[in-house]
Amino acid sequence: MNLLYRLLDKKHYIVLCLMAGAVVFNAFAFFCVPPTYQSTAMLYVVSSMDDSVPDQTGLDMGEILAKDYEEMICGDQILEEVQDALQLDISIDALRNMIAVENPENTRILNITVISTDREEAMDIANQVAVAATGHLSGMSTDNIAQYAKPAEEKTGPNYMIYTLIGAMIGTLLFCDCVIIRYLRDDSIYTADDMEKAFDSVTLTVIPENVSLLK
């Protein structure tokens, strides 16, 4: 309870640190974190096509294969082809971290989403991954590309709200930690209860700090 009261006494400083942390992290995100953009290409997974119309067998097989292809698209073979085609100066692991492949539930669609600090690069990589995938995955061709990626019109990151909330939380925690540490390390005696705990003896009397002497 004493610690709680100590923190409540500092509530104005806690609010000040909360605001300072929020402003600092928001400014950091705005000036130091590069904006990111994302583009998405779409594959329609069917195993066979007849005059551009998938048959029922192809649809059933596509639903089965979609989950497998979701994992295979980010394999080294496909990504190496993408790296060579676009002359990317990044590692395979870095390229893999830029790509997210999603198969929406109960669909034969594979969404290939790429996030990059360059909107044109995000589009090029997404499209090249889709093209490379159709060449390596069984029963696929460029006809299975349902949608090519386009340049992003708006940036997708950073999320300034998240940075602001994190900054506010860190500022508050840092100040509260300082108050708690100072409280725990303070072995000064302020009350009669402190005296009893420190010396294991009963306090007989307490002299007020300001006493007017009687003459």
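The values are calculated or read from the model by the stated rules, or taken from the named source; none is laboratory data. Predicted, not measured: the structure shown is a model, and the values here were computed from it. No Cβ is skipped: glycine too gets one built from the backbone with ideal geometry, and neighbour counts run over all protein chains shown. Side chains are part of the model used for accessible areas, which takes the heavy atoms of the whole protein and leaves out ligands, DNA and RNA. Shrake-Rupley method; radii C 1.70, N 1.55, O 1.52, S 1.80 Å.
Checked against (1) open to solvent by less than 100 Å² (accessible area, probe 1.4 Å); (2) hydrophobic (A, V, I, L, M, F, W, C); (3) over 33 Å from the mean Cα position of the chain (by Cα), Val101 passes all but condition (3).
All conditions in (1) in contact with a Leu (Cβ under 6 Å, 6 or more places away or on another chain); (2) open to solvent by 20 Å² or more (accessible area, probe 1.4 Å); (3) within 17 Å of Val45 (Cα to Cα) hold for Ile92, with the sole exception of (3).
Wholly within the range 97-215, which helices (runs of 4 or more DSSP H) include no fewer than the required count, namely at least 2 residues that are over 30 Å from Val15 (Cβ atoms)? Let's see the steps before the verdict.
Numbers: elements: 119-136, 160-185, 192-199.
Filter on the range 97-215 gives 119-136, 192-199.
The set of residues in the range 149-158 that are at pLDDT 95 or above and either surrounded by 15 or more Cβ atoms within 10 Å (Cβ to Cβ) or polar (S, T, N, Q) (or both) contains only Ala149.
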